[in-house]
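I have placed the structure first, in the form of structure tokens, so that the comments after it can refer back to it.
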Amino acid sequence: MSETQKIMMAVLGAFVAGFILVGVSKQEPSVEEKEAASTIRNYVAMQTMAGQKCPAAILKETGEQVFFATETTSDKETYITMKWDGEKAASGGFKKASCTLRASLGGISELVIDDKVIIKK
């Protein structure tokens with residue numbers, strides 16, 4: 001065998017060893033990792049839904065468009081509550097609005113604008 005063939009065999013052997021090492025090192029995620037990923041996906045879905053539905057409901061009731069919530073509270077599994085501070089309370093807007101979305105309902109469960117309950121499920 002020539003030196004070139006020996007070098008080619010060594011490089012090929014290194015590639016094969018690398019593929020085997022990568023294939024063996026891949027592991028299935030544990031149950032805890034799957035549960036954590038599921039919790040994160042659920043929380044993101046709730047945030048996304050609340051970010052779409054709540055501003056639309058506030059706009060419908062007050063005529064004032066809201067963009068960024070001033071406060072957000074959640075247990076990260078079943079509900080998310082977003083609160084906004086209004087800007088045009090004297091001209092038909094609002095001072096404070098609170099919107100709660102429950103994952104079990106798939107929509108707004110409570111909408112309170114200036115201490116007036118608009119939606120309560």
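The values are calculated or read from the model by the stated rules, or taken from the named source; none is laboratory data. This is a predicted model, so every value here is computed, not measured. Please note: Cβ atoms are built from the backbone with ideal geometry, for glycine as well, and neighbour counts cover all protein chains shown. Surface accessibility is based on the protein's heavy atoms, side chains included, excluding ligands, DNA and RNA. Shrake-Rupley method; radii C 1.70, N 1.55, O 1.52, S 1.80 Å.
Some observations on this one:
- Mean residue ellipticity (222 nm) of the chain, computed from DSSP H runs ≥ 4 via -39,500 (n - 2.57), nearest 500: -16500 deg cm²/dmol
- The simple spin-label model puts a point 7 Å past each Cα toward its Cβ; for Lys6 and Thr72 those points are separated by 6.3 nm.
- Among Gly106, Gly86, Gly23: highest mean-square fluctuation, GNM of the chain, C-alpha pairs under 10 Å: Gly23
- Choice from Thr73, Thr100, Thr81 showing the highest fluctuation, given a GNM over the chain with Cα pairs closer than 10 Å: Thr73
- In the range 56-121, the chymotrypsin sites (Phe, Trp or Tyr not before Pro) that fall in loop regions by DSSP, at most 10 other Cβ within 10 Å: Phe67, Phe68
- The range 42-62 residues near the modelled Lys121 label - backbone nitrogen below 16 Å, point 7 Å along Cα→Cβ: 46-58
- Accessible surface, per residue, of the chain when the full set of protein chains is kept, probe 1.4 Å, Å²: 72 Å²
- Percent of Cα pairs exceeding the 23 Å cut-off, where the set is the chain: 52 percent
- For the chain, modelled as a GNM whose springs connect Cα atoms under 10 angstrom apart, the maximal fluctuation among Ile40, Ile108, Ile20 occurs at Ile20.
- Counted over the range 34-88 with a bin width of 5 Å, the fraction of Cα pairs per bin, in whole percents, is 4, 19, 27, 20, 14, 9, 5, 2, 1, 0.
- Principal-axis tilt of helix 31-62 within the chain, Cα atoms, nearest 10 degrees: 30 degrees
- Rg ratio (alpha-carbon, reference 2.2 N^0.38 Å) - the range 50-121: 1.03
- Amide H contacts under 5 Å for Lys96: Gly86, Asp114, restricted to partners 5 or more places along the chain or on a different chain, H placed in the peptide plane at 1.01 Å from N.
- Taking all pairs of distinct alpha-carbon atoms in the range 5-76, Kirkwood radius in angstrom: 17.3 Å
- Between 0 and 90 degrees, the angle of helix 3-25 with respect to the longest Cα principal axis of the chain falls at about 40 degrees.
- Residue-wise HN-Hα couplings along the range 64-72, as the Karplus relation 6.51 cos²θ - 1.76 cosθ + 1.60 with θ = phi - 60° gives them from phi, are 10, 7, 10, 10, 10, 5, 7, 8, 9 Hz; Gly and Pro carry x.
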